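Reviewing the structure listed below.
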Amino acid sequence: MGRPFPTPWSASRGAPLLEGDIDTALSDYVHNLVETLNNNYQKVCLSQPLPSTDPTHKWRPGDAVLVKSLKPRTLGEAAFSSPQTVLAVTRTSILTDGQPQWIHASRVKTSPIGPSQASDQADDISGGPTPGTRANKHTRVDDISEQLLVI
C-alpha cells in the first residue's frame, strides 16, 4: 500500500493540532488543492489543439442519401435503404426523414435519385408504369425527349 499521503494535521508536521485547528487546516488544504487543480487544468487545456470545425462529410440538408443497414441480411437483400432526405447535419452525423436517430456519416452514401424524385417514387405504390408512359427502363428519358421535340 505504501505510506499514507501527508496531511496538514499529521504528527510528523510538528505539534499536535487542536480540534478547531483541524477544520481550518482542512479548509486550507482543500482550497490549495482546488487551486492547484485549476492551474494544471488551464495548462493542459492550453497545450491541447482546438477541435476541428470542418465537416467530415459532404451532405447538406435537402440532399438525398442512402443509409446502410446494420442488420444481418439474406442473400439478395439490399444493403442500403431507399432514398431519404437529409434534415440536419453535424460534423460527423446526419439526421434523415426516414429514421428518428442520428446516423454516422460513414453509413451514408449519395443517392443516384434526387430527393424530389425519391418521394415521387415512394408515393407510387402501384409498382407499374404510370398511365400514358411506356413500360421500359428509359421511360423518363424518352418522355423528356418527346416533350423537347414538341417544343
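Derivation of every value follows stated rules applied to the coordinates shown; laboratory data play no part. Note that the structure is predicted; figures quoted are calculated from it, not measured. Methodologically, a virtual Cβ is constructed for each residue, glycine included, from the backbone with ideal geometry; neighbour enumeration extends over all protein chains shown.
The table for this structure:
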quantity: The range 55-122, relative contact order [Cα under 8 Å, separation at least 6], %; calculated: 36 percent
quantity: Peptide ranges 76-88, 31-43 listed from the most packed, as the mean C-beta count within 10 angstrom indicates; calculated: 76-88, 31-43
